[in-house]
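These notes concern the structure reproduced below.
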Amino acid sequence: MTTIPLGPNPAARAAAVRRGRLLNRLTIGWNALEGVVAVAAGVAAGSVSLVGFGLDSGIEVSAALILAWRLAQERGQGCTQAADRRATRAIAVSFFALAAYVGVESTRDLLGRVEPEASVPGIVLAGLSLVVMPVLARAKREVAPVLGSRAAVSEANQTSLCAWLSAVLLVGLAANAVLGWWWADPAAGLGIATLAAVEGVRTWRAESLADTCCD
């Protein structure tokens with residue numbers, strides 16, 4: 001009796017790995033630039049939220065570097081459960097770090113009634129990120145099933161969270177600049193911190209690699 005392989009053929013998998021590495025490079029490059037611009041604009045405007053957004057970009061870069069390591073492991077050794085599990089756990093830790101930072105900063109801003117000044121560069125940056133990040137996340141989700149990597153799915157989810165944070169920052173800065181609603185950004189930030197924490201727990205507990213290429 002002939003067994004029909006369920007996974008992608010080697011050529012399709014190799015192409016997916018190459019595309020995954022390209023998307024990773026784009027993520028690292030964009031977030032590095034985004035982080036520098038956001039921190040500089042935040043310091044200039046005295047905006048804790050904008051500075052926090054820039055630091056979050058550093059967490060995004062770390063997650064992308066973790067996945068780059070995961071893909072390098074596959075390239076050199078083939079897909080292994082151990083490599084995928086370590087990468088997935090590392091990405092879960094980055095979710096927790098993101099949740100902790102955003103949660104603390106949002107609470108501090110709410111209790112201290114910190115009102116970020118209007119920042120045109122910040123609003124433009126948040127708008128651009130809101131366009132770029134969903135596109136990157138969607139492309140990563142298309143590659144992840146072919147890679148059969150839960151780590152790739154987790155990193156794509158973190159890119160989606162970055163898009164949500166972009167929306168929070170944009171609404172917060174715009175609402176403060178136009179309507180004077182200083183509380184909009186930190187209140188929404190608490191919601192994003194909660195989502196990040198939930199995703200971190202889900203990622204950490206993800207033990208099943210049934211959908212991966214690994215045995």
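The values are calculated or read from the model by the stated rules, or taken from the named source; none is laboratory data. Remember, predicted model here, so these are calculated numbers, not experimental data. Note that we place each Cβ from the backbone using ideal geometry, even for glycine, and neighbour counts take in every protein chain shown.
Values as computed for the structure displayed
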| item | result |
| --- | --- |
| Count - residues of the stretch 141-165 that are of a type outside the set (A, V, I, L, M), assigned to a helix (DSSP H, G or I) and over 11 Å from the mean Cα position of the chain (by Cα) | 4 |
| Qualifying residues in the stretch 93-122 (those that are over 30 Å from ARG202 (Cα atoms) and crowded, with 17+ Cβ neighbours inside 10 Å) - the one modelled with the lowest pLDDT | PRO116 |
| Of residues in the stretch 183-215 being under 30 Å from ALA12 (Cα atoms) and of a type in the set (Ser, Thr, Tyr), the one modelled with the highest pLDDT | THR203 |
| Scan of the stretch 21-65 for residues that are more than 11 Å from the chain's Cα centre (by Cα), modelled with pLDDT under 80 and more than 17 Å from VAL104 (Cα to Cα), ordered by number | ARG21, ASN24, GLY46, LEU65 |
| Tabulated pairs, the stretch 68-96, first under 26 Å from LEU195 (Cα atoms) and in a helix (DSSP H, G or I), second of a type in the set (Val, Ile, Thr) and at pLDDT 70 or above, C-beta under 7 angstrom, 6+ apart or interchain | ALA87/ILE66; THR88/THR203; ALA90/ILE66; ILE91/ILE66; ILE91/THR203; ALA92/THR203; SER94/ILE59; PHE95/THR203 |
